[in-house]
Amino acid sequence: MNINRMMAAFAAITLTAVTTKGQTTYLGPALPITNITANAGLVTLNWDDYTGITGFKLYTTPSLDAGQVDWQPMTDAQTGLIRINPGESGDHVFALGDTAVTFIGIGDKRFYRLVAVKGGTPPNDPGYPYPYTPDPEVTWTDRVGHTLVINLTNDFKATKLPADFKINADPAATTDHLYLRYITATSGGLPDSMGSLVAGEVNAVGTALVTLEGYYIGAYTVTEYQYRKVTGANPPGLASPTGDGRPVAMISWDDVRGNPNGTLGDTAPGSDSFLSLLQAAVRANNPSLSAITFDLPTEAQWEVACRAGTEGSISNTNTAMTVNITVVTAAANEPWTGTISQVAWWSGDNPGAAQVPGQKRANPAGLYDMHGNMEEWCLDCWNTPDSSTTAYIPVNNGNSPVTSGTSANRSLRGGYWGAGSSPVRSAYRYTYTAGGRHTSVGFRLCAMGAAMPEP
């Protein structure tokens with residue numbers, strides 16, 4: 001192809017790629033961007049197939065004359081992009097979830113080419129490129145449909161990734177990228193179970209059966225940085241931020257939803273709330289998610305995702321916690337022993353404050369910090385005085401929140417960094433006033449309406 005035809009072909013500076021899993025694929029002819037010195041060139045990527053993409057690389061060459069092509073990877077300094085593989089030498093790989101990227105030209109009459117990197121066969125293929133390493137802790141594969149990442153620095157573009165994508169391999173997972181797992185609907189004739197499911201559990205909670213529709217749930221609790229990125233401000237109760245990568249705290253149920261006085265029922269989150277602002281941005285920039293609705297999870301959605309098919313007191317076991325353990329610690333990366341400290345920040349670790357998400361082991365659905373670290377708001381009203389031990393009362397099979405009762409309180413799940421072992425159990429239920437703020441209370445995203453379609 002001659003250079004004039006090539007330039008005409010890319011007049012819109014848009015590349016469409018059809019990629020093949022297991023190889024590095026060049027996106028058509030080189031994209032010529034000439035005479036760029038200090039100005040930025042904006043390149044938009046439109047992918048026909050998101051499956052298995054692990055990153056993007058940027059190459060440059062000074063000339064295509066007479067078929068002389070010498071593509072060289074651009075350095076970090078040349079691209080100005082944040083590397084997601086700081087330990088890897090060689091080609092620059094920029095962030096998963098980016099479907100558009102701005103880069104700086106490095107001289108006159110340079111030509112640029114974008115490369116999509118796709119993985120090999122998990123999990124032990126030596127050619128499998130960083131950072132897409134399957135997460136060995138994701139075992140509930142029949143209920144985790146896929147992973148969704150929303151890029152908060154790129155018009156809230158959403159990218160569909162494999163179900164077992166290892167989220168804590170991405171250093172932007174607590175800042176620029178929001179990750180959610182898609183939990184498929186309860187299989188027909190086999191409802192999901194809630195409550196204390198094995199005999200002898202301490203502070204036993206009554207059981208309930210639910211049948212859930214498919215939904216997304218956050219792999220991490222929302223962090224301060226992510227909250228500010230969406231809303232442009234700190235939560236009203238957060239006077240002194242504790243660190244961008246830490247879970248957002250001092251945020252009430254009312255703050256999250258933007259509905260004063262604990263308004264629930266059929267009322268959607270207020271238009272200036274974190275949930276509504278995120279929803280509007282995602283819908284506007286992702287046609288396939290135009291019907292998605294963000295909110296807090298119901299207690300049923302939270303517990304089913306937390307348990308991930310297990311029946312025990314904590315989500316990686318099928319056994320009961322029969323006593324309130326005082327101190328039993330273990331490193332998160334040790335072989336699984338059923339020890340609370342492998343999955344939870346709690347009083348036995350004595351961390352003194354909430355920790356950056358993703359440092360403990362994930363549960364079988366690839367969700368982090370479901371036990372401990374932060375108590376998490378759920379959508380439901382706290383309907384009876386003794387709800388901590390009575391059965392959850394599902395509404396619409398757990399897909400809709402409990403709205404009955406006169407309590408001004410809302411449900412909390414998961415325990416927190418200063419709690420004993422009992423409050424971090426899968427079944428444990430707690431409560432706080434809808435307008436209350438606390439250093440130990442944050443939230444995890446939920447979304448319903450439609451799953452991102454298969455590519």
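The values are calculated or read from the model by the stated rules, or taken from the named source; none is laboratory data. Computed from a predicted structure; not experimentally measured. Don't worry about glycine lacking a Cβ; one is built from the backbone with ideal geometry, like all the others, and counts go over all protein chains shown.
Filtering the stretch 146-176 to residues that are β-branched (Val, Ile, Thr) and not in a helix (DSSP H, G or I) leaves 147, 149, 150, 153, 159, 174, 175.
The residues of the stretch 196-211 include none that are at pLDDT 95 or above and crowded, with 23+ Cβ neighbours inside 10 Å. Scanning the stretch 284-304 for residues that are out of contact with any Gly (no Cβ under 6 Å at 6 or more places or on another chain) and surrounded by fewer than 19 Cβ atoms within 10 Å (Cβ to Cβ) returns 284, 285, 287, 288, 290. Applying the selection to the stretch 401-440, what residues are farther than 25 Å from residue 269 by Cα, touching a Pro at 6+ places or on another chain (Cβ under 9 Å) and surrounded by fewer than 24 Cβ atoms within 10 Å (Cβ to Cβ)? Of everything in the stretch 401-440, just one residue is farther than 25 Å from residue 269 by Cα, touching a Pro at 6+ places or on another chain (Cβ under 9 Å) and surrounded by fewer than 24 Cβ atoms within 10 Å (Cβ to Cβ), namely 418.
Residue check: is residue 175 of a type in the set (Val, Ile, Thr) and within 26 Å of residue 428 (Cα to Cα)?
Working: of a type in the set (Val, Ile, Thr): yes; within 26 Å of residue 428 (Cα to Cα): no.
Judged against the criteria, residue 175 is not a match.
Of all residues in the stretch 224-247, count the ones that are touching a Pro at 6+ places or on another chain (Cβ under 6 Å) and in contact (Cβ under 8 Å) with a residue 60 or more places away in the chain. The qualifying residues number 0. When residue 371 is tested against (1) modelled with pLDDT under 95; (2) out of contact with any Asp or Glu (no Cβ under 8 Å at 6 or more places or on another chain), just one condition goes unmet, and that condition is (1).
For the stretch 411-440, a residue qualifies if it is under 23 Å from the mean Cα position of the chain (by Cα), within 22 Å of residue 356 (Cβ to Cβ) and outside any loop (DSSP other than H, G, I, E, B), and the qualifying residues are 412, 413, 424. Within the bounds of the stretch 181-195, is there any residue that is under 20 Å from the mean Cα position of the chain (by Cα) and surrounded by 22 or more Cβ atoms within 10 Å (Cβ to Cβ)? Within the stretch 181-195 (the criterion being under 20 Å from the mean Cα position of the chain (by Cα) and surrounded by 22 or more Cβ atoms within 10 Å (Cβ to Cβ)), the answer is yes, since at least one residue qualifies. When 425, 437, 413 are checked against the criterion of being in contact (Cβ under 8 Å) with a residue 40 or more places away in the chain, touching a helix residue (DSSP H, G or I) at 6+ places or on another chain (Cβ under 7 Å) and of a type in the set (Lys, Arg), a single residue qualifies: 413.
Could you say which residue among 270, 312 is closer than 29 Å to residue 383 by Cβ and modelled with pLDDT of 85 or more? Testing whether each residue is closer than 29 Å to residue 383 by Cβ and modelled with pLDDT of 85 or more leaves just 312. Among the residues of the stretch 126-152, the one identified as of a type in the set (Val, Ile, Thr), modelled with pLDDT under 85 and under 20 Å from residue 221 (Cβ atoms) is 138. When the stretch 374-391 is filtered for residues that are in a loop (DSSP other than H, G, I, E, B) and modelled with pLDDT of 90 or more, only 374 remains. For the stretch 441-455, the set of residues classified as of a type outside the set (Phe, Trp, Tyr) and in a loop (DSSP other than H, G, I, E, B) consists of 444, 445, 449, 450, 451, 452, 453, 454, 455, listed by residue number.
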